[in-house]
Amino acid sequence: MNVLVINCGSSSLKYQLIDSESEKVLAKGLCERIGIDGRLTYQKAGLDKEITEAPMPTHKEAIKMVLDALTNDKTGAIKSLDEVGAVGHRMVHGGEKFTCSAVIDDEMIKAVESCNDLAPLHNPANLIGVNACKELMPNVPMVGVFDTAFHQTMPKKAYLYGLPYEYYEKYGVRRYGFHGTSHSFVSKETAKFLGLDLENSKIIVAHLGNGASISAVKNGKCVDTSMGLTPLAGLVMGTRCGDIDPAIMEYIAKKEDLDIAGVMNVLNKKSGVQGISGVSSDFRDLEDGMTAGNERCADAIEVFCYNVAKFIGAYAAAMNGVDAIAFTAGIGENGPIVREKVLEYLGYLGAELDPEANQKRGDNNVISTPDSKVKVCVVPTNEELAICRDTVALVK
Ligand code: ADP
């Protein structure tokens, strides 16, 4: 079956058409600047990218352009839309309502809408994509795959904050966690790749991208994760601050004469390694800066790696041990310097880096020595494939 995977943001939309049997990507691309002017990038497997500038006042026009490109006579990946068996939508926040992926129907949409307050920027955008697909392909089954669902197995002690309990009851204030599709995919791949029994394993997944989070996965189930009510919590990230003393918010607000929206803007967009370095949120720039002697770039990298190592230590404690640590996402997959620096803190766990293996790129790769007590590896994430697999499982 061909599955169209859609990841719909407020002004952009990423897509992949995947053949679920071979798990090959038939075509992929993105729509940008929706509601502004509009630009479609389309790439059929094996061919060059095509870029088309055309008005996309709403997501409906954007998705219509994607469907036209997919069925285009010359470079289309399929002959007609009849060849799309299902659509899988990435959904950001399922609150406590969704513990796994779900077939999209009217009732399901209402349940997602009831979580909108928890992700006011993301959930409404996800639903715009769902509605646009429904209009254009009314008979194709659709599935929603949630960023939060994998983390719903966390015990209460991991998800409750030290706040008045009524905020949890009345407003759902608790830790939810994000990147769940990636943490689920990578933990399963890690167990498979290392020959571990998933049902009897302790795996820590470090998803280190522009947004970064860590999770503790015990016996295949998430028991803790670093992001919280929102994706602002946990690790120091590209531009997000991660965990800080909450009293800093009032202090900055007074000093800088900012309201709550102004402070949130700083914490989300001007902090993290960007804020520390004053140079960039991208680790390639930070590494170049460090090599050139820029002290703040070096500081940003050190703070990031120290934070990652502290979370790994915390999760080894939470699980009373760890069998494997998996690095994934942009920095986790491509950043040997970061991996090396993190591993320097983990000698007490018996984790030993193989420096040569750490330099390799590409597929699943063990980067610890054969004697290392903890297996450390790089396992590329593939959220689209995970969405495709869940979609097929639910519509078959
Ligand atoms: P997101 O999906 O959260 O936007 P990604 O998982 O794509 O993020 O990761 C993007 C980050 O990966 C970039 O900001 C950059 O810091 C990092 N990255 C990509 N390639 C490299 C590389 N070769 N070396 C170090 N860092 C890299």
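The values are calculated or read from the model by the stated rules, or taken from the named source; none is laboratory data. The structure presented is a predicted model; accordingly, all values stated were derived computationally and were not measured. Neighbour counts run over all protein chains shown; Cβ positions are idealised from the backbone, glycine included. For the accessible areas, the whole protein counts, side chains as well, though only heavy atoms, and no ligand, DNA or RNA atoms are used. Shrake-Rupley method; radii C 1.70, N 1.55, O 1.52, S 1.80 Å.
For the range 38-142, which fully contained helices (runs of 4 or more DSSP H) count at least 3 residues that are closer than 30 Å to residue 233 by Cα and open to solvent by less than 70 Å² (accessible area, probe 1.4 Å)?
Where helices (runs of 4 or more DSSP H) fall fully within the range 38-142 and carry at least 3 residues being closer than 30 Å to residue 233 by Cα and open to solvent by less than 70 Å² (accessible area, probe 1.4 Å), they are 106-113, 123-136.
Please determine, by comparing only the residues of the range 269-298 that are surrounded by fewer than 17 Cβ atoms within 10 Å (Cβ to Cβ) and within 20 Å of residue 231 (Cβ to Cβ), which one is farthest from the ligand (Cβ to nearest atom).
270
Please verify whether the range 299-308 includes one or more residues that are surrounded by fewer than 18 Cβ atoms within 10 Å (Cβ to Cβ), closer than 16 Å to residue 213 by Cα and within 16 Å of the ligand (Cβ to nearest atom).
So far as the range 299-308 goes, yes, one or more of its residues are surrounded by fewer than 18 Cβ atoms within 10 Å (Cβ to Cβ), closer than 16 Å to residue 213 by Cα and within 16 Å of the ligand (Cβ to nearest atom).
Can we say residue 339 is open to solvent by 10 Å² or more (accessible area, probe 1.4 Å), under 26 Å from residue 281 (Cβ atoms) and either touching a Gly at 6+ places or on another chain (Cβ under 8 Å) or within 13 Å of the ligand (Cβ to nearest atom) (or both)?
The answer is no for residue 339.
Return the only residue of 116, 131, 123 being touching an Asp or Glu at 6+ places or on another chain (Cβ under 8 Å), at pLDDT below 95 and not assigned by TED's automatic domain parsing to the domain that holds residue 272.
Only one candidate passes the filter, namely 123.
Evaluate the range 232-239: report whether one residue or more is open to solvent by 60 Å² or more (accessible area, probe 1.4 Å) and closer than 20 Å to residue 175 by Cβ.
The answer is no, given that none of the residues of the range 232-239 is open to solvent by 60 Å² or more (accessible area, probe 1.4 Å) and closer than 20 Å to residue 175 by Cβ.
Output the residue which, of all residues in the range 317-334 that are open to solvent by 10 Å² or more (accessible area, probe 1.4 Å) and of a type outside the set (A, V, I, L, M, F, W, C), is farthest from the ligand (Cβ to nearest atom).
320
Can you pull out every residue in the range 354-367 that is crowded, with 16+ Cβ neighbours inside 10 Å and either within 12 Å of the ligand (Cβ to nearest atom) or within 22 Å of residue 321 (Cβ to Cβ) (or both)?
Residues satisfying the conditions are 354, 366, 367.
From the list 221, 192, 202, which residue is open to solvent by 40 Å² or more (accessible area, probe 1.4 Å), within 23 Å of residue 334 (Cβ to Cβ) and not polar (S, T, N, Q)?
Exactly one of 221, 192, 202 is open to solvent by 40 Å² or more (accessible area, probe 1.4 Å), within 23 Å of residue 334 (Cβ to Cβ) and not polar (S, T, N, Q), namely 192.
Going residue by residue through the range 345-353, is there one that turns out to be within 16 Å of the ligand (Cβ to nearest atom) and either surrounded by 17 or more Cβ atoms within 10 Å (Cβ to Cβ) or part of a loop (DSSP other than H, G, I, E, B) (or both)?
Within the range 345-353, none of the residues are within 16 Å of the ligand (Cβ to nearest atom) and either surrounded by 17 or more Cβ atoms within 10 Å (Cβ to Cβ) or part of a loop (DSSP other than H, G, I, E, B) (or both).
Of the conditions (1) modelled with pLDDT under 95; (2) farther than 25 Å from residue 32 by Cβ, residue 191 fails just one. Which one is it?
Evaluating residue 191 over (1) modelled with pLDDT under 95; (2) farther than 25 Å from residue 32 by Cβ leaves (1) as the failure.
Grab the strands (runs of 3 or more DSSP E) fully contained in the range 166-245, keeping just those with 1 or more residues being within 13 Å of the ligand (Cβ to nearest atom).
Filter on the range 166-245 gives 202-208, 212-218.
Being out of contact with any strand residue (DSSP E or B) (no Cβ under 6 Å at 6 or more places or on another chain) and touching a residue at least 40 places away in the same chain (Cβ under 8 Å): is that true of residue 189 here?
yes
If residue 291 passes every condition in (1) out of contact with any helix residue (DSSP H, G or I) (no Cβ under 7 Å at 6 or more places or on another chain); (2) among the hydroxyl-bearing types (Ser, Thr, Tyr); (3) under 22 Å from residue 329 (Cα atoms) but one, which one does it miss?
Tallying (1) out of contact with any helix residue (DSSP H, G or I) (no Cβ under 7 Å at 6 or more places or on another chain); (2) among the hydroxyl-bearing types (Ser, Thr, Tyr); (3) under 22 Å from residue 329 (Cα atoms), residue 291 fails exactly one: (3).
Give the residues of the range 15-37 that are under 14 Å from residue 90 (Cβ atoms) and surrounded by fewer than 19 Cβ atoms within 10 Å (Cβ to Cβ), sorted by residue number.
Correct list: 30 only.
Suppose we keep only residues that are more than 16 Å from the ligand (Cβ to nearest atom) and surrounded by 15 or more Cβ atoms within 10 Å (Cβ to Cβ) within the range 246-268. Which one would you say is farthest from residue 215 (Cα to Cα)?
Here the answer is 258.
Would you confirm whether any residue within the range 121-144 is under 30 Å from residue 309 (Cβ atoms) and either within 16 Å of the ligand (Cβ to nearest atom) or touching a residue at least 60 places away in the same chain (Cβ under 8 Å) (or both)?
Within the range 121-144 (the criterion being under 30 Å from residue 309 (Cβ atoms) and either within 16 Å of the ligand (Cβ to nearest atom) or touching a residue at least 60 places away in the same chain (Cβ under 8 Å) (or both)), the answer is yes, since at least one residue qualifies.
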